[in-house]
Amino acid sequence: MVPEGLIEFIPEMGALIGEINEIVSEEFDGDIKVHLMSKLTESSKALFTFLPDSIAQQLLLDRDPHGNVQVAKIDTEKLLILLLNKELKTREEKGLKCFSNFHPKSHYFGYEGRCALPSNFDSQYCYCIGLNAILLFKSGASGYMSCVKNLNDKDPKNWVIAGTPLPTMMGVERRKGKDKPVITKALVELDGPMFKAYQAVRDKWGYLDCYVSPGPIQFAGPASDATNFMVSPPDIEKLVKETDLCEHIETVLQKKEPFYRDPSLLSELSLARIEDYTPIPTFLEQGTTMVTATKKYNAANPLSKVKISE
């Protein structure tokens, strides 16, 4: 799985994209590719020439409103596949052992990858953000972003609404060849609790079938008011314990020994469903009921007739 912004963080590609943004921000006549090649530095020109034609062409597509390359429109996953295929072919020609049966298929997930039904938390949070925005507007607070604090509390009544001045979130970046104040991009925080939790287990996650299925979104009952990891990061100690347990289970499976799924690897919803008891209606317990067919189904299909009689 490849994030669409990855291409900007490949150092050589980042430099190339930066140069292209600067060059196309100026007015020019004639073919864009010819103009670009006359302006690029030697290293960026060599990289642009090296890229597959389809990817190079995507770098020249229409810019966003700020004059920057639209990285979402660059097939980063296809670029990686093409480059890997090229490298494998080169190694094969040199007589080196490689995966000659490498035939990947790529698929781009846009919004279809994040279009599940909103959970209770999503609905309450968005309602709160909107209501708070109206309150800010009503109080004459212009230039503020609506935000909500204390989201760890599952009761929305205990959330705290606030307004954040836009300048506190701004930084200076190049836009259309000029330095302009813009909202700074939110990147992965390498010193944040989310990444630290992943860092503690990523080596084992590379080869283990390690997961906890939360089950479908619930709107009532167990797990209905669950929050996501962006609000409540995972407990590192618990995550490591779960990962070690998954490693033990896989070891047992390889030895073909019997094993039982540990309850700690079950989600809140799964545990609730296991412990759930469905009461039998009293009229069924009394044994005084009788089932009678009130209408006979006449099947037109001979096979259906046989099955019904059976």
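Would you pick out the residues in region 86-136 that are of a type in the set (S, T, N, Q) and farther than 30 Å from Q218 by Cβ?
T90, S100, N101, S106
Working carefully through the options E22, E26, find the one that is touching a residue at least 12 places away in the same chain (Cβ under 8 Å) and assigned to a helix (DSSP H, G or I).
Just one listed residue meets the conditions, E22.
Any residue in region 256-282 that is more than 22 Å from K238 (Cα to Cα) and modelled with pLDDT of 85 or more sitting within a Cβ distance under 7 Å of a residue that is part of a helix (DSSP H, G or I) and not aliphatic (A, V, I, L, M)? List the pairs, counting only those 6 or more apart or interchain.
Filtered contacts from region 256-282: no entries.
Looking only at region 65-95, how many residues end up being under 20 Å from I7 (Cβ atoms), surrounded by 13 or more Cβ atoms within 10 Å (Cβ to Cβ) and of a type in the set (D, E)?
2
What number goes with the only condition from (1) surrounded by fewer than 17 Cβ atoms within 10 Å (Cβ to Cβ); (2) modelled with pLDDT of 85 or more that D31 does not pass?
Among (1) surrounded by fewer than 17 Cβ atoms within 10 Å (Cβ to Cβ); (2) modelled with pLDDT of 85 or more, the lone unmet condition for D31 is (2).
Quick one: C98 ticks every box in (1) surrounded by 13 or more Cβ atoms within 10 Å (Cβ to Cβ); (2) without any contact (Cβ under 8 Å) to a residue 12 or more places away in the chain; (3) not in a loop (DSSP other than H, G, I, E, B) except a single one, so which number is it?
The number of the failed condition is (3).
How many residues does region 113-165 hold that are among the aliphatic types (A, V, I, L, M) and either assigned by TED's automatic domain parsing to the domain that holds A223 or within 24 Å of the chain's Cα centre (by Cα) (or both)?
5
Filter region 1-24 down to residues that are over 14 Å from L80 (Cα atoms) and crowded, with 17+ Cβ neighbours inside 10 Å, then give me how many there are.
Qualifying residue count, region 1-24: 7.
So which residues in region 147-188 are touching an Asp or Glu at 6+ places or on another chain (Cβ under 9 Å) and of a type in the set (D, E)?
Across region 147-188, the qualifying residues are D155, E173, D179.
For region 216-244, what are the residues that are on the phi > 0 side of the Ramachandran plot and surrounded by fewer than 16 Cβ atoms within 10 Å (Cβ to Cβ)?
Once the filter is applied, which keeps residues that are on the phi > 0 side of the Ramachandran plot and surrounded by fewer than 16 Cβ atoms within 10 Å (Cβ to Cβ), region 216-244 yields only G221.
Could you identify the single residue in E268, E285 that is closer than 30 Å to S224 by Cα and not hydrophobic (A, V, I, L, M, F, W, C)?
Result of the check over E268, E285: E268.
Yes/no per residue for (1) of a type in the set (A, V, I, L, M, F, W, C); (2) assigned to a loop (DSSP other than H, G, I, E, B):
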residue: V188; (1), (2): yes, yes
residue: D191; (1), (2): no, yes
residue: K196; (1), (2): no, no
residue: Q199; (1), (2): no, no
residue: K204; (1), (2): no, no
residue: D209; (1), (2): no, yes
residue: V212; (1), (2): yes, yes
residue: I217; (1), (2): yes, yes
residue: A220; (1), (2): yes, yes
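Mind listing just one residue for me: the one in region 1-19 that is out of contact with any helix residue (DSSP H, G or I) (no Cβ under 7 Å at 6 or more places or on another chain) and in a helix (DSSP H, G or I) and, of those, farthest from V69 (Cα to Cα)? Outline the logic, then answer.
Here is the first cut: in region 1-19, the residues out of contact with any helix residue (DSSP H, G or I) (no Cβ under 7 Å at 6 or more places or on another chain) are 1, 3, 9-11, 18.
Add one more test, that the residue is in a helix (DSSP H, G or I), and what stays is 9, 11, 18.
Numbers: F9: 14, P11: 16, G18: 9 Å.
So, considering only residues that are out of contact with any helix residue (DSSP H, G or I) (no Cβ under 7 Å at 6 or more places or on another chain) and in a helix (DSSP H, G or I), the one farthest from V69 (Cα to Cα) is P11.
The values are calculated or read from the model by the stated rules, or taken from the named source; none is laboratory data. Please read these numbers as outputs of a predicted model, since none were measured by experiment. For neighbour counting, all protein chains shown are included, and Cβ atoms are generated from backbone atoms with ideal geometry for every residue, glycine included.
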